[in-house]
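Written below as structure tokens is the structure these notes are about.
The values are calculated or read from the model by the stated rules, or taken from the named source; none is laboratory data. The structure presented is a predicted model; accordingly, all values stated were derived computationally and were not measured. Every residue, glycine among them, receives a Cβ derived from its backbone with ideal geometry; neighbour counts consider all protein chains shown. Side chains are part of the model used for accessible areas, which takes the heavy atoms of the whole protein and leaves out ligands, DNA and RNA. Shrake-Rupley method; radii C 1.70, N 1.55, O 1.52, S 1.80 Å.
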Amino acid sequence: MGIGTGIPPGIAWEEPGWERLASGVGRRRLPAWDCTAGLVAGADSALLVDSGGTVREGADLRRDTMRLLGAGRRVTHVALTHPHFDHVLGTSAFAGVEVYGALGAGEILTRGADELRTDAVRHGADPRAAAEAVELLVRPRYEVPVPGEWTLDLGGGVRVLLVNLGAAHSGHDLAVVVPGSPRVVFCGDLVEESGEPQAGPDAVPSRWPAALDRLLELGGEDARYVPGHGSVVNAEFVRSQRDRLTRRFGVS
């Protein structure tokens, strides 16, 4: 897969709410919608995985990540796992970063801006905060084709793989695979631990089990799988969720 095996610089993960997943890799469960935001630190650059559901959440993540990285370093790349409000609306807090998503995600965010705002408010966001976030919305500049992969070199031998898994939970699902021991796979909402996986109007349930099979291929048996919502899980949990989705949606 072309993933490097270098060791990222040490991070103390002392900011409240942050959880260490591997060397140089951590995540935070954001309070409003229990949405995961991940951080991967290389020697030269740092990647944020998803940015929260409001500009305020994004600003909080920017503050936290600058403290965690230290020495004047900051997030340089943002990967958006899918174009739902709780994962993308904080991106504007990260000025000047390179933003990545699955092919077509940018167009969806452009055409569906009003729907994003409505969805955020329906899920409890302050209407003014939701309107501000949509007005400042940052769309991916770089889009990973389907089927396709994109390697980000963060320096020091840390090379992170972005994988377009196609349409499943959403129309544009992206996984982030981080090297190391253990390997870490950020799954977006393809995997959810704190509740049953949600299938909205843009979901393609017939393809969801196959997307989970691909996640398992990417991560392997010993990886730490990071869901879009909830606690970190193992390969057995992902297989179990795949089987439940197969039965739920009648996928053959």
Mean Cβ neighbour count within 10 Å, used as a protection proxy, ranking 28-34, 239-245 highest first: 28-34, 239-245
Surface share of carbon and sulfur [accessible, 1.4 angstrom probe, percent] for segment 1-134: 49
Estimated inter-spin distance, Ser206 and Arg244, nm [label 7 Å along Cα→Cβ]: 2.4
Label-point separation in nm, Ala113 to Ala43, each point 7 Å along Cα→Cβ: 4.1
Mean separation of Cα contacts under 8 Å, 6 or more apart, over the residue count of the chain: relative contact order %: 18
Among beta bridges that DSSP assigns inside segment 1-119, antiparallel share in %, nearest 5: 70
Ser206 - accessible surface, heavy atoms, 1.4 Å probe, Å² rounded to 10: 80
Computed label-point distance, nm, for sites Glu19 and Glu98 using a 7 Å Cα→Cβ extension: 2.9
For the chain, the fraction of alpha-carbon pairs in successive 10 Å shells from zero, as %: 8, 35, 39, 17, 2, 0
Helix-only mean residue ellipticity at 222 nm for the chain, each DSSP H run of n ≥ 4 adding -39500 (n - 2.57), per residue, nearest 500: -8500 deg cm²/dmol
Solvent exposure of the chain as accessible area per residue, Å², 1.4 Å probe: 41
Segment 179-252 - percent of accessible surface contributed by carbon and sulfur, probe 1.4 Å: 45
By average C-beta atoms within 10 angstrom, highest first, the peptides 81-90, 221-230: 81-90, 221-230
